[in-house]
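The numbers here are math on the coordinates, done by the rules we state, and not lab data. No experiment lies behind these values; they were computed from the predicted model shown. Counting neighbours? That spans all protein chains shown, and the Cβs are built from the backbone with ideal geometry, glycine included.
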């Protein structure tokens, strides 16, 4: 499910995904191939065929892996 959670929502710019705040500005730069909504403070993000988790600051808490 996509939408705002914790003040952020997944959004795309070209062929990359990041997260926007409620003003529509990117709070986390669009550097991912896929981005899911935040849940319990974490979001699942994909780069190529690898997936990881980031926090609301865009820091990896689980580095992308297959």
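Can you name the residue in the range 50-59 that is under 14 Å from residue 19 (Cβ atoms) and more than 9 Å from the chain's Cα centre (by Cα) and, of all such residues, is surrounded by the most Cβ atoms within 10 Å (Cβ to Cβ)?
If we take residues in the range 50-59 being under 14 Å from residue 19 (Cβ atoms) and more than 9 Å from the chain's Cα centre (by Cα), then 59 is surrounded by the most Cβ atoms within 10 Å (Cβ to Cβ).
If you scan the range 53-66, which residues turn out to be in contact with a strand residue (DSSP E or B) (Cβ under 9 Å, 6 or more places away or on another chain) and either within 17 Å of residue 2 (Cα to Cα) or not in a strand (DSSP E or B) (or both)? Passing the criteria: 53, 54, 55, 56, 57, 58, 66. Residues of the range 16-49 that are without any contact (Cβ under 8 Å) to a residue 12 or more places away in the chain, loosely packed, with under 12 Cβ neighbours inside 10 Å and either in contact with a helix residue (DSSP H, G or I) (Cβ under 8 Å, 6 or more places away or on another chain) or within 20 Å of residue 64 (Cβ to Cβ) (or both): 40 alone.
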